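Below: the structure, in structure tokens.
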Amino acid sequence: MSRWGRKRLLVPSAALLWGLQFAFLNPALALVLVALFDATPTEVGWVLAIYNASGFIASLVLPAYADRKADYLRPMLVCALLTLALAAVLASATSLPVAVIGLVVLGGPAGVGSSLLFAHLKHSGASPSDVVNTRAIVSFAWVAGPPLATLIIGAFGNRAILVAIAAVAALNVATTAAMLTQRRAAAAGASEPTDEAAGGPPVARTGVALIVAAFVVLQATNNAAVSIMALFVTHDLELGVVWAGVALGVAAGLEIPALLLIGRLNRRFSSLGLIASGCVVGIVYYAAMAVVSGPLALVAAQALNAWFFAVVAGVGLTLFQAVIPRPGLASGLYVNTRRLGAIVSGPIIALGSLTSLGYGGVFAACAVLTGVALAGIGLAARSTSP
């Protein structure tokens, strides 16, 4: 059995725990700020902006440090410990400024742990299919995490979610420590494999820049579509808001089997080819949503949405790891396309909703922008040397 095969128990456990850790924290953070620190809506907005800015910087700095050391597990262990410290600070703080300092100093760097896990996989020789399958576990955690967090808060109070986060972080510490022990034992018998021989064909810097820009656009369209789903359902379709939840739930649920299927297809087809096909599906999805008129069509279209985002989330990560030599930088940049996409989604919503299609115009704009991203991917493919 390969060394990667011997990691099959620890790696899925780590992926599940890192996914749960922030599936608990991120959706509940605004509620915690209001319930525990009496934050106003304006203050919540500013705190979340500062917290995300901290995460953006940390997603570049920590992976770069890990790349220099060629060690991703020790920084990942530090991230888990920082999460424990963050939970303690939020539970014991008595004022909003102290909580903000904790989120910036501890929470931003702690959020890099998941990126470091995928960088470690790449560095230790995992195949693109293994990376996509691991990403599917993280998606499962994000599907299960928010409802579980809501259940914990409803049953035991707002502070209970901080206890749950601390418990998951403690398990993350234990899992990462076990991975370190396993690595030391493996290093005693053989040299540590690297990804120097792995990866796809070389891509010029212009191609890399095009890929990064294309993914910012793709992430922005997804964020915009999710953000206005409830408004689109209630305002344009004149349906109950529950249908927005059903649509988003179906898309999230189908994303997991889509990722598993993509993991198999990734062994036969190139990452650029799969992403191009995903963009085509995304264009069809957004175009369909712009003209959808009833609940059945709304829900049925989510199968397209699931495939589109599964390609962006799964194959996108492996593509970044293939075209950017440093695993940490590759994973950090990929994560930050999501953050930048969230910023870009604001103007998409603002301008798209001004059309005669109402909120359907946002979906139409997303279809056009996905086409632009597809063109960028095509240009990047041309920069790939034969």
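The values are calculated or read from the model by the stated rules, or taken from the named source; none is laboratory data. What you see is a predicted model, and the numbers here were worked out from it, not measured in a lab. Positions of Cβ are backbone-derived with ideal geometry, glycine not excepted, and every protein chain shown enters the neighbour counts. Note: areas computed on protein heavy atoms with side chains; ligands, DNA, RNA excluded. Shrake-Rupley method; radii C 1.70, N 1.55, O 1.52, S 1.80 Å.
Scanning the stretch 69-78 for residues that are open to solvent by 60 Å² or more (accessible area, probe 1.4 Å) and either of a type outside the set (A, V, I, L, M) or at pLDDT below 90 (or both) yields a count of 2.
Within the stretch 277-302, the residues that satisfy the criterion of being polar (S, T, N, Q) and either at pLDDT 95 or above or within 20 Å of GLY314 (Cβ to Cβ) (or both) are SER277, GLN302.
Within the stretch 130-148, identify whether any single residue is open to solvent by 10 Å² or more (accessible area, probe 1.4 Å), out of contact with any helix residue (DSSP H, G or I) (no Cβ under 7 Å at 6 or more places or on another chain) and aromatic (Phe, Trp, Tyr), and answer yes or no. Looking for residues that are open to solvent by 10 Å² or more (accessible area, probe 1.4 Å), out of contact with any helix residue (DSSP H, G or I) (no Cβ under 7 Å at 6 or more places or on another chain) and aromatic (Phe, Trp, Tyr), one finds none in the stretch 130-148, hence no.
For the stretch 235-245, a residue qualifies if it is assigned to a helix (DSSP H, G or I) and open to solvent by less than 60 Å² (accessible area, probe 1.4 Å), and the qualifying residues are ASP236, ALA244, GLY245.
Across the stretch 271-308, the qualifying residues are those that are in contact with a helix residue (DSSP H, G or I) (Cβ under 6 Å, 6 or more places away or on another chain) and of a type in the set (Ser, Thr, Tyr), and the one among them that is surrounded by the fewest Cβ atoms within 10 Å (Cβ to Cβ) is SER271. Of all the criteria given as (1) assigned to a helix (DSSP H, G or I); (2) over 20 Å from the mean Cα position of the chain (by Cα); (3) surrounded by fewer than 22 Cβ atoms within 10 Å (Cβ to Cβ), the one not satisfied by ALA213 is (2).
Residue by residue, here is whether (1) within 24 Å of ASN52 (Cβ to Cβ); (2) without any contact (Cβ under 8 Å) to a residue 12 or more places away in the chain holds:
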residue: TRP243; (1), (2): no, no
residue: VAL250; (1), (2): no, no
residue: GLY263; (1), (2): no, no
residue: SER293; (1), (2): no, no
residue: ALA297; (1), (2): no, yes
residue: GLY314; (1), (2): yes, no
residue: ALA322; (1), (2): no, no
residue: ALA330; (1), (2): yes, no
residue: VAL335; (1), (2): yes, no
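Selection of the stretch 40-68 for residues being modelled with pLDDT of 90 or more and open to solvent by 40 Å² or more (accessible area, probe 1.4 Å) yields ILE57, VAL61, LEU62, TYR65, ARG68.
Exactly one residue out of VAL311, VAL368 is in a helix (DSSP H, G or I), open to solvent by 10 Å² or more (accessible area, probe 1.4 Å) and under 30 Å from ARG264 (Cα atoms): that is VAL368.
No other residue among LEU116, LEU96 is farther than 21 Å from ASN336 by Cα, at pLDDT 90 or above and among the hydrophobic types (A, V, I, L, M, F, W, C) apart from LEU96.
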